[in-house]
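The values are calculated or read from the model by the stated rules, or taken from the named source; none is laboratory data. Please read all numbers here as calculations on a predicted model, not as lab measurements. Cβ: placed from backbone, ideal geometry, glycine included. Neighbour counts: every protein chain shown.
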Amino acid sequence: MKIRELYPDVITEDTSCEYKAVLNQDNPIKWAKTLIGYANDKGGTLFVGVSNDGEAFGIDLEEVDKTKLLISRINDRHIFPHIKISYMMRSVDYNAEHFVLAVKVAPADSVIRYREGDYNETVFIKGDGNATPATPEEIISLSKRKYGIDNETSEVAYTDNLWSEYLNLCKEYRQDKSAPTMKELQNEEIVSKDGYAKSGFIMFSDNYNEDDTMICCRLWKGKNKTGIVLDSSRLRGSIANVFTNALNFIERNTKTGWVKTENGGRDEIRSYPKEAVREALVNAIAHRDYSISGTQIDVDIYSDRIEIVSPDSWLLPKDYNAYPAGSIPSIRRNAIIAACLDVANLMERGGTGFQTMIESYKFSPDEIQPVVSIYPGFLNLRLYDRLYRDEAIELDLEGLTAGEKVMAILKMEGPKPIKELQTSLNYRSRSQFLNEVINPLMESGDIYRDGKPKSPTALIKIKR
């Protein structure tokens, strides 16, 4: 029996249908790439129990059940986001002992990829009879046609009072300090025409408390994670809230120095340019892979650098080293989240984020230029401390009061134990140092103690 006798509309293998005798469970990518190719196109059907020449010999019910379980397992473990599949069976004999199983794949709203091993990912597209890895140009084109997992219309109606944190973020960063109107949000497709928030915009709402927006921040003593954690924070909540709190964590745990000018004055210089830190954090939030459960964005501050690591995959087939940091093609994984950041004036549609980071380091030596690293399942943005190696920048305490000296040290070198500050200011008496310097600064709200009063590990930190 030929397949067209069971399914009259099927003539031959093409971009919408393909035949398989059985599905190989030891090498699933051979057939899974076909399912992915269908999902990335207009959908399609994979017929199991059919030879290459269209002969429908069928498989028994036990094999049908095994095939369905195999497809379900591969879809759950290797295909992201998961594809929508339905099944249809038709018998090939009068006794109904053997069947052709039609595996129908629905077109996906987002770019589907196959994840193998330790998160190496490939995007497949369907050609005439074959599914092949997509080229960079094809991925970019596909991304423009598809929606992300953040683009589903929710049942939550948009109201200002449920998005106050996001509106405050917009007021802080938009040039005119205004909040976006409903019309503007609808024009950007953040809110539907009927007034309902898209799933990505829900992640900016005040009451959002899922783990997928988590950012874990740590301050390390030294250049690696074998050192002591001096400060840490696990941030949860709306994207607007965790973004603001992550910036505050970085601000309070990085240094500010001064460089002497020719006329005897001094100019303030930060370890990390504000715009570079902001762009790196925005990039991590906008492009992270929210389909990888149990992960978060990590912000690690070392003595010489900041590393912002986000769950991500390199969708472009060409190795990332082939793209200079300032000219990496912009592929928006999360269109609605990116649009929300764009409306808040935190992200430009031109994909200039990396270029902004490079520009902010234009007067720095080559060895401390921003670095983008890709390793399985994650993307690492590394910013180097501009004060760490620059001998021209020094901590000048001359002419400052004791309180000003403490503030200068904390800004330049980060949080310090009281004993270390006492030694730096040449105070012999701890009680005198506390009464004359530390306590007044704490009472004025300039600093605070992180830890118990008598604990040797307690740190004095700037309150921001």
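Quick rundown of the values:
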| quantity | calculated |
| --- | --- |
| The range 42-65: number of residues that are in a loop (DSSP other than H, G, I, E, B) and touching a Leu at 6+ places or on another chain (Cβ under 9 Å) | 2 |
| Residue in the range 280-296 that is in a strand (DSSP E or B), within 19 Å of the chain's Cα centre (by Cα) and at pLDDT 90 or above present | no |
| Matching entry among I71, I79 (being modelled with pLDDT of 95 or more and assigned by TED's automatic domain parsing to the domain that holds T122) | I71 |
| Selection from the range 96-118 of residues that are in contact with a Ser or Thr (Cβ under 8 Å, 6 or more places away or on another chain) and part of a loop (DSSP other than H, G, I, E, B) | E97, H98, A106, V111 |
| Selection from the range 440-454 of residues that are aliphatic (A, V, I, L, M) and without any contact (Cβ under 8 Å) to a residue 40 or more places away in the chain | L441, M442 |
| The range 346-380 - residue that is part of a strand (DSSP E or B) and at pLDDT 80 or above and, of those, farthest from S271 (Cα to Cα) | L379 |
| The range 169-198 residues that are closer than 15 Å to A338 by Cβ, paired with ones that are part of a strand (DSSP E or B) and hydrophobic (A, V, I, L, M, F, W, C) (beta carbon under 9 Å, 6 or more apart) | L185/V191; L185/A197; I190/A197; K198/V191 |
| Subset of the range 22-58 [under 28 Å from the mean Cα position of the chain (by Cα) and among the aromatic types (F, W, Y)] | Y38 |
| K221 being of a type in the set (D, E, K, R), surrounded by 13 or more Cβ atoms within 10 Å (Cβ to Cβ) and more than 16 Å from the chain's Cα centre (by Cα) | yes |
| Among (1) modelled with pLDDT of 90 or more; (2) assigned by TED's automatic domain parsing to the domain that holds R252; (3) of a type outside the set (V, I, T), the one test that Q432 misses | (2) |
